Amino acid sequence: MTRRIAEILRTETAGGVLLLIAALAAFAWANSPWAAAYKTLGGLHLGGLTLAEWAADGLLAIFFFVAGLELKREFVAGDLREPRRAALPVAAAVGGMVVPALLYTLVNVIMPDGRLRGWAVPSATDIAFALAVLAVAGSRTPPALRTFLLTLAVVDDLLAILVIAVAYTAGLAVLPLLGAAVPLAAFAWVVRRGGRGTRWLLAPLALAVWVLVHASGVHATVAGVALAFTVPVDPSGGDDAAGRLEHWWRPVSAGFAVPVFAFFAAGVPLAGAALAPALRDPVTVGVLAGLVLGKPIGVLATSWITARAARTGLPEGLTWRDLTAGGLLAGIGFTVSLLIAELAFGVSAANDHARLAILLASCVSAVAATLLMRFRRGPG
């Protein structure tokens, strides 16, 4: 039974559904007569951090570890290994991050009381949610679109990790960061050279890396990526340590880590009197514009420029209509966008407004992409 549940959780649809259920439950609770209990739960302290902070700093490190393993596999044995095949989705990922950030910045420069610190909030794509929507679209979805979106999201994750590490590190403590290199090197040695008798060391070494990175001021999710990049990948795509670890940890990430984070992050209170000002806030307008408009514009524009420059056209089986749907799906910026909003604004009204915009934009993008794919009549 446990093995069957784990296999279900390895599918994109299951992970996306759990993510959606957790977010809806949090939203309903935060707007119920028992909203105070929801806030109290997230604020409970455990070992120096609140439960909400443990979800963002601790559990999301598992998500980024799995994402890091997928990233490395793509670079060593996947589509990103071949520059010609990777050029289009890589360019689309860059455009899909730059244009939303520029739109958000423009809105917050023009409107009064703008907050430029949230420029990166609409730049992220939630691959679990996006692929779940893609799976719901069913047989009308071309397989090439899934490959394109997966590669785009892999690059998007890598760029988001760099943004978090560089733009949202408040104060850097050098000694803990340098100290993290010691257990990280030991983790790398054990995962590459260690036999069955030493594999039990991986968990405490990973925990040590996480603790030291967290103490350094760099967001602790970066530790997950750093650990993942030390894991060896077989260039032929065969069985390797990266594949085994991803197989083991993906159900934990999809079935527990990400839904719990979404539960604590998506509880946006909507007091009737405060809703109208929230929708007029430059943060809300900027995030909505970035995700709903900026993402598809950035993806399509850079895809068109790249296809024209390379004179290769679109990959076989893809049309511009499909890429438009892919651009809309990229506007589902749920998990990482919520994380960046928290890093940018902390506990504040701006964070609540950013979260509201992320939820609205993700819903609009998901519905629009689904409708576009539902009316697809095949290639051409």
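The values are calculated or read from the model by the stated rules, or taken from the named source; none is laboratory data. Remember, predicted model here, so these are calculated numbers, not experimental data. When we count neighbours, we look across all protein chains shown, and the Cβ atoms used for this are built from the backbone with ideal geometry, even at glycine.
Number of residues in region 116-164 that are outside any helix (DSSP H, G or I) and surrounded by fewer than 19 Cβ atoms within 10 Å (Cβ to Cβ): the value is 0. Residue-level check: of (1) of a type in the set (Phe, Trp, Tyr); (2) out of contact with any Ser or Thr (no Cβ under 9 Å at 6 or more places or on another chain); (3) under 26 Å from LEU300 (Cβ atoms), TYR104 misses just (2). Scanning region 123-137 turns up no residue that is free of Cβ contacts under 8 Å to residues at least 24 places away in the same chain, more than 19 Å from LEU227 (Cβ to Cβ) and polar (S, T, N, Q). Whenever a residue of region 109-122 is closer than 11 Å to ALA354 by Cβ, its partners that are modelled with pLDDT under 95 and in a loop (DSSP other than H, G, I, E, B), lying with C-beta atoms within less than 7 angstrom and at least six residues away or across chains, give the pairs PRO122/GLY333.
I want to confirm something. Restricting to region 242-251 and keeping residues that are under 21 Å from TRP189 (Cα atoms) and not aromatic (Phe, Trp, Tyr), which single residue is surrounded by the fewest Cβ atoms within 10 Å (Cβ to Cβ)? Working first, answer last.
Narrowing region 242-251 to residues under 21 Å from TRP189 (Cα atoms): 242-249.
Keeping just the survivors that are not aromatic (Phe, Trp, Tyr) gives 242-247.
Values: ALA242: 23, GLY243: 17, ARG244: 12, LEU245: 18, GLU246: 22, HIS247: 14.
Within region 242-251, the match that is surrounded by the fewest Cβ atoms within 10 Å (Cβ to Cβ) is ARG244.
Every condition in (1) of a type outside the set (S, T, N, Q); (2) surrounded by 22 or more Cβ atoms within 10 Å (Cβ to Cβ); (3) within 30 Å of ALA215 (Cβ to Cβ) holds for VAL99 except the one numbered (3).
Annotation note: of LEU177, LEU172, the sole residue that is out of contact with any Asp or Glu (no Cβ under 9 Å at 6 or more places or on another chain), touching a residue at least 40 places away in the same chain (Cβ under 8 Å) and not in a helix (DSSP H, G or I) is LEU172. For THR319, the conditions (1) touching a Phe, Trp or Tyr at 6+ places or on another chain (Cβ under 9 Å); (2) in contact (Cβ under 8 Å) with a residue 24 or more places away in the chain; (3) surrounded by fewer than 17 Cβ atoms within 10 Å (Cβ to Cβ); (4) not charged (D, E, K, R) all hold with the exception of (1). Checking LEU275, LEU270, LEU227, LEU245 one by one, the residue that is farther than 27 Å from GLY326 by Cα, of a type in the set (A, V, I, L, M, F, W, C) and free of Cβ contacts under 8 Å to residues at least 24 places away in the same chain is LEU275 and no other.
Could you tell me whether any residue of region 291-298 is surrounded by fewer than 24 Cβ atoms within 10 Å (Cβ to Cβ), within 20 Å of the chain's Cα centre (by Cα) and within 16 Å of LEU152 (Cβ to Cβ)? Yes, because at least one residue in region 291-298 is surrounded by fewer than 24 Cβ atoms within 10 Å (Cβ to Cβ), within 20 Å of the chain's Cα centre (by Cα) and within 16 Å of LEU152 (Cβ to Cβ). Screening LEU201, LEU184, LEU245 for residues that are farther than 25 Å from PHE75 by Cα and in a helix (DSSP H, G or I) leaves exactly one candidate, LEU201. For the subset of region 43-76 comprising residues that are of a type outside the set (Ser, Thr, Tyr) and farther than 25 Å from THR125 by Cα, which member is modelled with the highest pLDDT? Of everything passing the filter in region 43-76, LEU44 is modelled with the highest pLDDT. Among the residues of region 211-241, those identified as more than 18 Å from the chain's Cα centre (by Cα), surrounded by fewer than 24 Cβ atoms within 10 Å (Cβ to Cβ), part of a helix (DSSP H, G or I) and not polar (S, T, N, Q) are VAL211, LEU212, HIS214, ALA215, ALA241. Looking across region 369-380 at every residue that is modelled with pLDDT under 85 and part of a helix (DSSP H, G or I), the one that is surrounded by the most Cβ atoms within 10 Å (Cβ to Cβ) is identified as MET373. Considering (1) modelled with pLDDT of 90 or more; (2) surrounded by fewer than 17 Cβ atoms within 10 Å (Cβ to Cβ); (3) more than 21 Å from LYS295 (Cβ to Cβ); (4) not aromatic (Phe, Trp, Tyr), the lone condition that ILE110 does not fulfil carries the number (3).
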